[in-house]
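The block underneath contains the structure these notes are about, expressed in structure tokens.
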Amino acid sequence: MRTATTREGTVPAGDVELAYVRLGSGPPVVVMPGGPRLGHAHLRPGFDLLARGRELVYYDERGSGASPLGDPERVSTAGTLSDLEALLDGLALERVTLAGHSLAAHMVALFAAGRPNRVRALVLANPGPPLLPELREPFSREMASRRSPEDAEEMQRIEASPEYQARDPKALERHYRLRYSPFFRDPEAALGADFAITRITADNVVEAGGRLFRDFAEHDLPGKLSAISCPALVVHGELDPIPIESSRFIANAIPRGELVVIPDANHYASIEDPEEFARGVEPFLAEHASG
């Protein structure tokens, strides 16, 4: 659904310019990609289906897609929230709906808890990793059980290759398809996924997770969920290796939270099952993200 209404540009966020793409027209829905730090392109065209009577604003977080890294110390939870606020300010968006996938769902939830005047509604798509400590080990075991020994060996071979060590985008693309294959219902869909890893993404994605989690616990998201005052939709794929108890905990802890389960869908429902994903999200957006 790439139309003539697509606009691209950048906005300043401290020491870097964040790249964005705007699609459609109407009340804004700002989309933060997960990954972490894979850039926004892999969420399209699935998320594009939500641009019906509203505007989607995708952006690349620093160190991903088309947004340069700048100061690596700003790749953190606090830096992520600051950059998101800079994006809204730069685009003169006073109050928006926020959508985040996977780890980004946690980030936009933190933003809504701390800046309630900026957020009209939340879409938390397949939030993860689990916030509850007792669910983290079952999640890790499930991920490992869904990856074949051949895929695990191939990942190790790629990691040892000169191309991976040099952060070649093609090597990183292959590695992440294998790494995230448990998040897909169909192994062929995983191997055919296009994470659109750019030179910027390849240079930074391996270190991004560690940088983001340095200060994540300090923000105490579990304790702040009750402070989210806007409506929130938690989307969970029935086959997601992240336990549904994690998504249910989030939906129940947010005062105006609700949970929708996409049948026969996995973590990347917007890639594998875009129409079903859109049908699960559209009623919520129609009620809470309009006007």
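The values are calculated or read from the model by the stated rules, or taken from the named source; none is laboratory data. None of these values were measured; they are calculated from a predicted model. Here Cβ is always computed from backbone atoms with ideal geometry, including for glycine, and neighbour counts include all displayed protein chains. When the accessible area is computed, the model is the full protein with side chains, heavy atoms only, and any ligands, DNA or RNA have been set aside. Shrake-Rupley method; radii C 1.70, N 1.55, O 1.52, S 1.80 Å.
Could you give every pair whose Cβ atoms fall below 7 Å, whose first residue belongs to region 168-185 and is touching a residue at least 24 places away in the same chain (Cβ under 8 Å) and closer than 23 Å to A125 by Cα, and whose second residue is of a type in the set (A, V, I, L, M, F, W, C) and not in a loop (DSSP other than H, G, I, E, B), counting only separations of at least 6 or pairs across chains?
Close Cβ pairs (under 7 Å, with a partner that is of a type in the set (A, V, I, L, M, F, W, C) and not in a loop (DSSP other than H, G, I, E, B)) amount to L178/M155; R179/M155; Y180/A190; S181/A190; P182/M143; F184/A190.
Residue check: is A289 of a type in the set (G, A, S), at pLDDT below 95, under 26 Å from A51 (Cα atoms) and more than 18 Å from the chain's Cα centre (by Cα)?
Against the criterion (of a type in the set (G, A, S), at pLDDT below 95, under 26 Å from A51 (Cα atoms) and more than 18 Å from the chain's Cα centre (by Cα)), A289 qualifies.
Please give the number of the condition L56 fails out of (1) of a type in the set (A, V, I, L, M, F, W, C); (2) surrounded by fewer than 24 Cβ atoms within 10 Å (Cβ to Cβ); (3) closer than 21 Å to E272 by Cα.
Unmet condition: (2).
Take the residues of region 36-50 that are assigned to a loop (DSSP other than H, G, I, E, B) and open to solvent by 10 Å² or more (accessible area, probe 1.4 Å): which is farthest from A278 (Cα to Cα)?
Per the stated criteria, the residue is P36.
Please verify whether L87 is in a helix (DSSP H, G or I), open to solvent by less than 10 Å² (accessible area, probe 1.4 Å), in contact (Cβ under 8 Å) with a residue 60 or more places away in the chain and not basic (K, R), treating the condition exactly as stated.
Taking the combined requirement at face value, the residue satisfies it.
Would you be able to say whether some residue in region 260-271 is more than 18 Å from the chain's Cα centre (by Cα) and β-branched (V, I, T)?
no
Exactly one condition in (1) part of a strand (DSSP E or B); (2) out of contact with any strand residue (DSSP E or B) (no Cβ under 7 Å at 6 or more places or on another chain) is not met by V235; state its number.
It fails just one condition, (2).
Kindly indicate the residue of region 1-35 that is at pLDDT below 95 and closer than 19 Å to H101 by Cα and also surrounded by the fewest Cβ atoms within 10 Å (Cβ to Cβ) among those meeting that condition.
G34
Using the structure shown, decide if L93 is in contact with a Leu (Cβ under 9 Å, 6 or more places away or on another chain), under 17 Å from L285 (Cβ atoms) and not charged (D, E, K, R).
Yes.
Would you call L239 within 19 Å of the chain's Cα centre (by Cα) and either among the charged types (D, E, K, R) or open to solvent by 50 Å² or more (accessible area, probe 1.4 Å) (or both)?
Criteria met by L239.
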